[in-house]
1. Within the stretch 161-212, track down each residue that is of a type in the set (A, V, I, L, M), farther than 24 Å from ALA137 by Cβ and free of Cβ contacts under 8 Å to residues at least 12 places away in the same chain.
2. From the list LYS124, LYS157, exactly one residue is charged (D, E, K, R) and either within 23 Å of LYS94 (Cβ to Cβ) or buried (at least 16 other Cβ atoms within 10 Å of the Cβ) (or both). Which is it?
3. Against the definition (more than 19 Å from ALA88 (Cβ to Cβ) and either at pLDDT 95 or above or not charged (D, E, K, R) (or both)), how does ARG183 come out, yes or no?
4. Can you tell me which residue among ALA92, ALA85 is at pLDDT 95 or above, out of contact with any Leu (no Cβ under 7 Å at 6 or more places or on another chain) and surrounded by 19 or more Cβ atoms within 10 Å (Cβ to Cβ)?
5. Against the conditions (1) modelled with pLDDT of 90 or more; (2) loosely packed, with under 10 Cβ neighbours inside 10 Å, where does PHE63 fall short? Just the number, please.
Amino acid sequence: MCALFATQLVNAQSSSVDAQRSAADRQRQQTMDAMTKSISTQMNAIRASRKIAAREATPAAFFVLDPELQPASASTGPACDPMSAIAAQGLASKAAAANQISPELVFSVMRRESAFLPCAVSDKGALGLMQLMPETAMQLGVIDPLDAEQNVLGGAKYLRQLFARYSGDLNKTLGAYNAGPGRVDDYDGVPPFPETLNYVDSILNSLQPAKH
């Protein structure tokens, strides 16, 4: 009888744990879906603003050029103004203090990632001043990746996590921020991709003489 009761109790506890995990998974998915929807709405608004800006900035032409003759560097321009260096330094200092890392590092990464454009959206979907991917932003507790302060705080937190993961190795930290920790782990160092190598060198050079 006691054995039967014990079995029933274990089964009940197991079912309760499974139910809690399922509820947590559902909540996480709901949060991710809500963030994705919000980001999609904001990205559509940014694209729409860019199209409007392009129409207003481009005079009507009498002739339409062949597509192969169109300038390759044509751009519709950003939908927001870049943040001033002073404002960016303020955000970098606040985020750095909250995460106990160098404000110069946060500032340099921000400048390299987005050129201080709060509304920056990459072709891969990275968002904001520190170019956070939506899933990474969610893991860092960033509710709105296009909010400048939230974005920089999240980016600084991520830099701190990577810095700790790689035992203070700034080269690996920056390589992971650009290419992902998995790539750094695979190569046991900065991945040999031209973009990543240039990225790391650019930020390290901007931090001279103090790298951290």
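The values are calculated or read from the model by the stated rules, or taken from the named source; none is laboratory data. These numbers come from a predicted model, not from an experiment. As a convention, Cβ positions derive from the backbone with ideal geometry for all residues, glycine included, and neighbour counts pool all protein chains shown.
1. Hit for the stretch 161-212 is LEU197, nothing else.
2. Details: LYS124 fails: either within 23 Å of LYS94 (Cβ to Cβ) or buried (at least 16 other Cβ atoms within 10 Å of the Cβ) (or both).
On inspection, the qualifying residue turns out to be LYS157.
3. On the way: more than 19 Å from ALA88 (Cβ to Cβ): yes; either at pLDDT 95 or above or not charged (D, E, K, R) (or both): yes.
Considered against the rule, which asks whether it is more than 19 Å from ALA88 (Cβ to Cβ) and either at pLDDT 95 or above or not charged (D, E, K, R) (or both), ARG183 comes out as yes.
4. Details: ALA85 fails: surrounded by 19 or more Cβ atoms within 10 Å (Cβ to Cβ).
Testing whether each residue is at pLDDT 95 or above, out of contact with any Leu (no Cβ under 7 Å at 6 or more places or on another chain) and surrounded by 19 or more Cβ atoms within 10 Å (Cβ to Cβ) leaves just ALA92.
5. Condition (1) is where PHE63 drops out.
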